[in-house]
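Since the structure comes first, as structure tokens, the remarks are kept for the end.
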Number of protein chains: 2
Amino acid sequence: MKDMLGREELITVEEALQLLFRYAPFKRPAEVSIPIKNSYGMVLSKDILAPVDLPAFSRSTMDGFAVRSSDTFGATEGLPAYLTLVAEILMGEKPEVILQKGKCAKIATGGMLPEGADAVVMLEHTQQLDKKMIEIVKPVSPGENVIQAGEDARKDERVLKSGHRLRPQDVGALAGLGITDIWTYEKPKVSIISTGDEIIAPDESLQPGKVRDINSYTLAGLISGAGGIAVKKGIFSDQYGIIRDVVEHSLQDSEMVLITGGSSVGTKDLTAKVINDLGSPGVLFHGVSLKPGKPMIGGVVGTAPVFGLPGHPAAVHVCFEIFIRPAIAIQSGAAESQFDKKKRTIQARIARNISSSPGREEHIGVSLEKRNGEIWAVPLLGKSGLITTLTRADGTAVIPMRKFGVQEGDIVEVTIF
Amino acid sequence: MKDMLGREELITVEEALQLLFRYAPFKRPAEVSIPIKNSYGMVLSKDILAPVDLPAFSRSTMDGFAVRSSDTFGATEGLPAYLTLVAEILMGEKPEVILQKGKCAKIATGGMLPEGADAVVMLEHTQQLDKKMIEIVKPVSPGENVIQAGEDARKDERVLKSGHRLRPQDVGALAGLGITDIWTYEKPKVSIISTGDEIIAPDESLQPGKVRDINSYTLAGLISGAGGIAVKKGIFSDQYGIIRDVVEHSLQDSEMVLITGGSSVGTKDLTAKVINDLGSPGVLFHGVSLKPGKPMIGGVVGTAPVFGLPGHPAAVHVCFEIFIRPAIAIQSGAAESQFDKKKRTIQARIARNISSSPGREEHIGVSLEKRNGEIWAVPLLGKSGLITTLTRADGTAVIPMRKFGVQEGDIVEVTIF
């Protein structure tokens, strides 16, 4: 099979990714305004500017006494400062008092500083001598134990950038700023088209020769975990006109199309022909030096990525992680951190020798176990078509392209499911 | 403040966790039967047994020719075996043919083996000489390139265990087995009660002395990310009767209760009194040697965990990761893998010296950056009450209890947000 450069051999994973991402950023979903309570995990489509100073007033960060700091200068255990208690500041109330020289006011964490005060002495550094007299044994500098008005965010300052994926604390910050609705990108919709005359739905009764649809269920979960919305189109017969029609419709109502199921050579050629016929640039690669996942097809129609996935469940998983997850991330509009992938991988020692062909990247299902405080990856043996190998696995270990394999005890990178 | 053992000093994080998890497994949510398409991330409440053999019939794992393996023994490039092509097996069809000695049938990946055949020769090891004659240049052993009926899962074999949290490939396996509905635990409901006379909702207009509710928005996202359902109860005044009523109601309609907002000493004592008065064992710890998070209160009422969280947003985050996330995991009914926490942590080098008091576990907000291929954690400086420190952070670095601090370049463990 020839790739687009006319060579006979399979292209590498890296080359395939380069061919594909040359067409990034791909088709984007619409922008939509949503309430912050529904915004967890969504991606901002506009910068967020602080509409007000945060906090709106100077607040104490300690339980103690609001003071003029100059009244405490030089105070020690041996030579304390003595201040007159003139008020207790109630939570949620604006203090009535204006603090004069030599006076102090009781204040709790989060309380509003009275006019005149510029610092708070911690309760632990004071002693109340009687109803009116407070002994201070440690000086405070101006601003000590106080968050100034606007110190957290100043009005019109950018607090969150367009392209940021909202985490719980970011939504908390929006709430704190009084922002209740925000502009985000909708999640990219990814169509799943199952093909194959042998494939039936899980609730159909099983006739000899038929198998139930596994991949569209696995893909739906992977898509939603990657921040997309899976749109299941159904199961279709391996016929050019039928597949072409459903791919064409899917390109109209979703941002990406996955065609899965057909494992035979004929079906794959049919998938490639549909992608090429629907628009340029069409098929970018057809066959990758990857195990499992060699028959992977990647293409772009207009600005929408279209993938033809191998039929083996294990290959579907590997190809999703390599090609589809990063494509969904780009379509989400998210400026993904370089540490996001790091979050899904750990280092482990491989528990047995694995041989591999150099020039091919290989992914092996592994279960993880701890031995003497170290993490070991135990390769799960089993034919590549088995689905229970995947349900028993904790992740997949990668044997890089330039290696002949790995020796027992070698460190490998494991992508955790 | 005295802990339950009557000591004056604060207890360690480890001691607090031991006191709490002595009462595990806590209150559990109900079991419910759901369709598999809604089951991603849910926890099985019953074992799953295969209702049928999977696959239901022997299938080819290659494109090629179904053969009697004995017909190929000894075949080489120089001395090929010659077999007569008698049929092409169509995908999804039961083969009509019964394969006799010296015959073969064309088969695609996933195709059903005809009666009589016991192996498949890969297309690459054959040559079609004419319409009827196939040359075989490599022998196959019995079962080669075939998945046997029941090889993936045998009828009545356990394929997934009770307590397993369903991943995409597990749902795929259920679909493949024809299982469309399963028994799971409902997600645990976690009530969030915001207290504090100074706290107002984000959509209320801001008066001097008031601040908007941040923590209940942060907590709602953290709870849902940990596999729970957040139930926001609203904002309540710091009065014993009011707080007691809402906690009592929350204990009836949820599996865990979080009380957040009150940072002052008085409010914390009120929270502790409510927990103690509502049922035994009551408060288990009140104050932990942890920064931020020292005022944390942990208790159990009957079998439901009840927490009093510090008011500082950074402390809420740290206390959630240490105490609440593992409690939700237990209530989910999930047999959590020991590698789940690993997934959220990475090793990094700290970018500056940080001093710390031994005997106290300290968590510092950090941003991550790559320098010469290594990951460095840059501590974010800022007063502990600031929320924008958290929005700028990629995670938190831990300085363990037994250390005086860390030196620039030391390896630290970072929990990624």
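Nothing in this text is a laboratory measurement; each read-out follows from the coordinates by a stated rule. All figures in this text were calculated on a predicted structure; none of them were measured in a lab. When we count neighbours, we look across all protein chains shown, and the Cβ atoms used for this are built from the backbone with ideal geometry, even at glycine.
With +1 on each Lys and Arg Cβ and -1 on each Asp and Glu Cβ, and nothing else charged, work out how big the dipole of region A:59-147 is about its Cα centre, in Debye to the nearest 20.
Its charge dipole is roughly 160 debye.
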message: Just to be sure I understand: of the beta bridges DSSP finds with both ends in chain A, what percent are antiparallel, rounded to 5?
response: 70 percent
- prompt: How high is the relative contact order of region A:342-416, in percent, counting Cα pairs under 8 Å that sit 6 or more residues apart?
  reply: 48 percent
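For Cα pairs less than 8 Å apart in space and 6+ apart in sequence, what is the mean separation divided by the residue count of chain B, i.e. the relative contact order in percent?
On the way: 950 pairs, mean separation 68.7, N = 417.
Rounded, it is 16 percent for chain B.
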statement: Here, B:Tyr240 and A:Lys132, labelled 7 Å along Cα→Cβ, have an inter-label distance in nm of 3.2 nm
Cα-based reach from A:Lys46 at 17 Å (exclusive), listing aspartates and glutamates while leaving out same-chain residues under 8 positions away: A:Glu31, A:Asp156, A:Glu157, A:Asp170, A:Asp181, A:Glu186, A:Glu336
query: Across the residues of B:155-161, average count of Cβ atoms on other protein chains within 10 Å?
result: 1
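Would you kindly state the longest site-free stretch of chain A, with sites defined as trypsin sites (Lys or Arg not before Pro) in a DSSP loop (not H, G, I, E, B) surrounded by at most 11 other Cβ atoms within 10 Å?
It works out to A:162-401.
Net charge near B:Asp197: determine it from the other residues with C-beta under 10 Å of the C-beta of B:Asp197, scoring Lys and Arg +1 and Asp and Glu -1.
Values: positive: B:Lys210; negative: A:Glu93, B:Glu198, B:Asp238.
Result for the local shell: -2.
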- prompt: Long-range amide H contacts for B:Ile200: which residues qualify at under 5 Å (H placed 1.01 Å from N, peptide plane, sequence gap of 5 or more or a different chain)?
  reply: B:Val211, B:Arg212, B:Asp213
field: Partners for B:Lys273 among aspartates and glutamates (Cα-Cα distance below 16 Å; same-chain residues under 8 apart left out)
entry: B:Asp3, B:Asp238, B:Asp245, B:Glu248
- prompt: When chain B is treated as a GNM, springs tying every alpha-carbon pair under 10 Å, which of B:Leu381, B:Leu309, B:Leu219 comes out with the largest mean-square fluctuation?
  reply: B:Leu381
query: In whole Å and largest first, what semi-axes does the C-alpha gyration tensor of chain B yield when each eigenvalue is scaled by 5 and square-rooted?
result: 61, 26, 18
- request: Calculate the dipole size of the protein assembly as shown relative to its Cα centre from +1 charges on Lys and Arg beta carbons and -1 charges on Asp and Glu beta carbons; express the result in debye to the nearest 20.
  value: 580 debye
field: Relative exposure of B:Asp213, A:Asp269, judged by other C-beta atoms within 10 Å (fewest first)
entry: A:Asp269, B:Asp213
query: Placing a label point 7 Å from Cα toward Cβ, how far apart in nm is A:Glu408 from its equivalents in the other copies, listed shortest first to one decimal?
result: 4.5
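Below 8 Å, C-alpha to C-alpha, sequence gap of six or more: please give me the relative contact order for region A:1-125 in percent. Provide the component values of the computation, followed by the final result.
Working: 157 pairs, mean separation 33.1, N = 125.
26 percent.
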statement: Cα-based Rg and Dmax for region B:59-147, in Å, come out at 11.3, 36
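Antiparallel versus total DSSP beta bridges in the protein assembly as shown: what percent is that, nearest 5? Each step should come with its number before you reach the end.
Values: 120 of 176 bridges.
Counting DSSP beta bridges with both partners in the protein assembly as shown, the antiparallel share is about 70 percent.
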- prompt: Based on the Cβ-Cβ distance from B:Ile330 to B:Gln18, what FRET efficiency comes out when R0 is 25 Å, to the nearest 0.05?
  reply: 0.95
- prompt: Check B:Phe236: other-chain or 5+ apart residues with amide H under 5 Å from its amide H, H built from backbone geometry?
  reply: B:Ser194, B:Thr195, B:Gly196
query: Where the label is 7 Å out from Cα toward Cβ, how close does B:Ala30 come to the same position in every other copy, in nm, shortest first?
result: 3.7
query: Taking a temperature of 10 °C and a viscosity of 1.306 mPa s, what whole-number D in µm²/s does Stokes-Einstein yield for region B:342-416 with Rh from Kirkwood over alpha carbon pairs?
result: 128 µm²/s
query: What residue among B:Glu255, B:Glu93, B:Glu369 shows peak mean-square fluctuation when chain B is described by a Gaussian network model with Cα springs under 10 Å?
result: B:Glu93
task: List the distances, in nm to one decimal, from the label point of B:Arg154 to the label points of the same position in every other copy, shortest first, placing each label point 7 Å from Cα along the Cα-to-Cβ direction.
output: 7.4
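Where a ≥ b ≥ c are the square roots of the eigenvalues of the C-alpha gyration tensor, would you call region B:136-262 rounded, which needs a/c under 1.5, or, failing that, prolate if a/b is larger than b/c, or oblate? Could the numbers behind the result be given before it?
On the way: a/c = 6.13, a/b = 3.18, b/c = 1.93.
Since a/c reaches 1.5 and a/b is larger than b/c, the shape of region B:136-262 is classed as prolate.
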task: Would you please give the FRET efficiency between A:Gln100 and B:Val32, computed as 1/(1 + (r/R0)^6) with r the Cβ-Cβ distance and R0 = 45 Å, to the nearest 0.05?
output: 0.10
- prompt: Excluding same-chain residues fewer than 8 positions from A:Lys101, which lysines have a Cα within less than 16 Å of its Cα?
  reply: A:Lys132
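Shielding by partners for B:108-120, please: the mean number of other protein chain Cβ atoms within 10 Å of each residue's Cβ.
Working: counts 9, 10, 13, 4, 5, 0, 0, 0, 0, 0, 0, 0, 0.
Taking all residues of B:108-120 together, the mean is 3.
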field: region A:41-56 and region A:232-292: distance between their alpha carbon centers, rounded to Å
entry: 41 Å
query: Structure shown: which of A:Lys161/A:Lys233; B:Lys161/B:Lys189; B:Lys106/B:Lys138; A:Lys37/B:Lys233 lie over 25 Å apart, alpha-carbon to alpha-carbon?
result: A:Lys161/A:Lys233
